[in-house]
Structure formats: structure tokens, C-alpha cells
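Trainee: Got a structure for you, written out below as C-alpha cells; questions coming shortly.
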Amino acid sequence: MRVSSARTPFYRQLLFVILFGAIATPVFAQNAGTINGSVKDQQGLAVPGASVALVNRVSQASQSAVTDEQGRFALNNVAFGTYVLNVSLSGFTPVEQVIEVRTTVPLARVVQLKLGGV
């Protein structure tokens, strides 16, 4: 069975849209992850109000957050790369952690602050 020539352009256009969509989807996928975490003291209690800063080692791009009442924080849309996570609060010793963001699967971090910093 032969398709009429009037319909042929429609099928070609449809085929083009389907193929372009299949090829272009990975190009538009986000290469960003999420870091969720909590900050606790030496007794395991939540530390609200702690400053959390994430700095990319190459570009120096940064993102920051402050822990909530339960000591939790979230950093969203973090581009893939290597970062330094800095957590600080007056009265505690600041903490640094190196974090590799290589997947869109959320990363979880628990940071323990020790008394003694100013």
C-alpha cells in the first residue's frame, strides 16, 4: 500500500520530531545534584543557625544556607564538580569537608561541630 504524496511530508515531519526529541533529551538533562544535610553538636543535638557554605574548587562559585531548627540544610541545583563544604557557628570550631557531586541522586551529609571556636 502506497501512502499518498500529500501525506508524505507529514510523516517525514513526525519522524523528524521523534528522532530529534530522542537525541536532544540527554543534551537538555541537568547536570546538577542536591546536598541535604544536618549539623549536630558533640552530644548529637541539632545545631540551628549554623552557616553552611559550598564553594566549587575550580570556579569558586558558591552557594550558602543556614540550618533550620532541626539543624538541617539543603543546597539545590549544585553543578557537578568538586566542592568544599564549610560549616561554622560562633562558639564552635569550623568544619570543612570535600564533596564530589557527580550524580543527580541527592547526597546526604552529617556534620559534627565541636565546642571551642570563636
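Trainee: Could you please find all residues in the stretch 81-92 being surrounded by fewer than 14 Cβ atoms within 10 Å (Cβ to Cβ) and of a type outside the set (G, A, S)?
Mentor: T82
Trainee: Another question about this same structure. Based on what the data block shows, is V55 of a type in the set (A, V, I, L, M, F, W, C) and in a strand (DSSP E or B)?
Mentor: yes
Trainee: Then there is this: Identify the single condition in (1) exposed (fewer than 13 other Cβ atoms within 10 Å of the Cβ); (2) touching a strand residue (DSSP E or B) at 6+ places or on another chain (Cβ under 9 Å) that Q60 does not satisfy, given that it satisfies every other one.
Mentor: (2)
Trainee: Take R102 and tell me if it is closer than 19 Å to Q30 by Cα and either among the hydrophobic types (A, V, I, L, M, F, W, C) or under 13 Å from the mean Cα position of the chain (by Cα) (or both).
Mentor: Answer is yes for this residue.
Trainee: Now a separate question. Tell me the residue from V66, V47, V52 that is among the hydrophobic types (A, V, I, L, M, F, W, C), touching an Asp or Glu at 6+ places or on another chain (Cβ under 7 Å), surrounded by 10 or more Cβ atoms within 10 Å (Cβ to Cβ) and modelled with pLDDT of 95 or more, please.
Mentor: Unique residue meeting the criteria: V47.
Trainee: Which one of T82, T25, T104, T34 is part of a helix (DSSP H, G or I) and either at pLDDT 95 or above or among the polar types (S, T, N, Q) (or both)?
Mentor: Every option except T25 fails the conditions.
Trainee: Let me ask something additional. Would you check if V39 is assigned to a strand (DSSP E or B) and not charged (D, E, K, R)?
Mentor: Yes: the conditions hold for V39.
The values are calculated or read from the model by the stated rules, or taken from the named source; none is laboratory data. Source: prediction; values computed, not measured. Methodologically, a virtual Cβ is constructed for each residue, glycine included, from the backbone with ideal geometry; neighbour enumeration extends over all protein chains shown.
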